[in-house]
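The values are calculated or read from the model by the stated rules, or taken from the named source; none is laboratory data. Computed from a predicted structure; not experimentally measured. Cβ sites come from the backbone with ideal geometry, for glycine too, and all protein chains shown count toward neighbours. Side chains included, ligands, DNA and RNA excluded: accessible areas come from the protein's heavy atoms. Shrake-Rupley method; radii C 1.70, N 1.55, O 1.52, S 1.80 Å.
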Amino acid sequence: MRRLAAELALWWAASTAGYLLLVTSPTGIEAAIGIAVGAACAVVGVVARRAFRPTTRVPAFVRRALLLPLDVAADTATLTRLLLTGEAFRADAGEEDEVVLPDDDGIRVWAVLLTSASPGSLAADVEERDDSLVLRRHRLTNHHRVSDGWDLG
């Protein structure tokens, strides 16, 4: 019960603050409406989150997302060079590879997100094979600190 109250309070505070920030100069009635709208949004947010039961356990490899700015910077420099030299337009530009993932919806989402977050790689497909998933990706550059070395523990 304490967890539910804390979750409702967090949703309410965030929703109310968001509403009041959108009002240029809140007056008494707008503040009251903001509090009511925030409460309604909090209830809907908690019910929706619990209905769909999203993954709350973050896979260990997601910590590598802190390296994403390095990948983006390196990919931007490499892609600029590839575009200026015309190498990016060749049929054999880049490489395709596959990464085996456990059959878990949360890991699937994180793997696709982190693979496609950097401009030098793209998650092309996720295919189910036996008891695992295979993520096929196209990599145009070699800067993939985030999406390589999947530590799925």
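At a glance:
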| item | result |
| --- | --- |
| Helix 28-52 vs. the chain, principal-axis angle (Cα, 0 to 90°, nearest 10) | 50 degrees |
| Given charges at Cβ of Lys, Arg, Asp, Glu: the chain dipole, positive-most of A91, A123, A40 | A40 |
| Calculated P(r) tail over 20 Å for the chain, as whole % of Cα pairs | 64 percent |
| Two-site label geometry, V72 and I33: point separation in nm, points 7 Å out along Cα→Cβ | 3.6 nm |
| Where the chain is the region considered: accessible area per residue in Å², 1.4 Å probe | 64 Å² |
| 222 nm mean residue ellipticity, helices alone, for the chain (DSSP H n ≥ 4; -39,500 (n - 2.57); rounded to 500) | -17000 deg cm²/dmol |
| Most fluctuating residue given options R49, R139, R64, as computed from a GNM of the chain linking Cα atoms under 10 Å | R49 |
| Nearest 10 degrees, 0 to 90: helix 2-22 Cα axis against the chain principal axis | 90 degrees |
| Net dipole in debye of the range 1-111 [+1 Lys, Arg Cβ; -1 Asp, Glu Cβ; about Cα centre; nearest 20] | 820 debye |
| Of all accessible heavy-atom area on the chain, the percent that carbon and sulfur account for (1.4 Å) | 63 percent |
